[in-house]
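The values are calculated or read from the model by the stated rules, or taken from the named source; none is laboratory data. A quick note: this is a predicted structure, and the numbers were derived from the prediction, not measured. All Cβ positions, glycine included, derive from the backbone under ideal geometry; neighbour counts span all protein chains shown.
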Amino acid sequence: MILLAGHRCYREYPLTWIYRQCRRAGFEVLESTTFPILYSRASITRQLDVGRRKLPYIRAKHGSSTAIAMGQACEMLQRRIDDATNHNTSKTSAVKTDTRIR
């Protein structure tokens, strides 16, 4: 959605690129550690909110139908996230709202 809005995406550097740049600068990588990315409902929702904030720009560049479709896709994804994390405001759940999704 960010690209559809004509904006630039944030992107992390690939590990292989980092190693290559270190070698070019004369450094030697002796050890590295990777960690799995765990997403909480809140962190995924924040990412969807970024997309939702781009909808006016998408509408301006690509028209209302594209913006509406993207907005509907965001809502569908939000429902899937809520279902996956048992997030329901109308009933109590044994699963905490900070359930992690991998």
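Data table
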{"read-out": "Filter result (part of a loop (DSSP other than H, G, I, E, B) and surrounded by 10 or more Cβ atoms within 10 Å (Cβ to Cβ)) within segment 4-30", "value": "LEU4, ALA5, GLY6, HIS7, PHE27, VAL29"}
{"read-out": "For SER65: the one exception among (1) exposed (fewer than 10 other Cβ atoms within 10 Å of the Cβ); (2) at pLDDT below 95", "value": "(2)"}
{"read-out": "THR33, sole failed condition from (1) out of contact with any His (no Cβ under 8 Å at 6 or more places or on another chain); (2) assigned to a loop (DSSP other than H, G, I, E, B); (3) at pLDDT 90 or above; (4) surrounded by 12 or more Cβ atoms within 10 Å (Cβ to Cβ)", "value": "(4)"}
{"read-out": "Flag if THR66 is within 17 Å of HIS7 (Cβ to Cβ), touching a residue at least 24 places away in the same chain (Cβ under 8 Å), of a type in the set (S, T, N, Q) and out of contact with any Cys (no Cβ under 9 Å at 6 or more places or on another chain)", "value": "yes"}
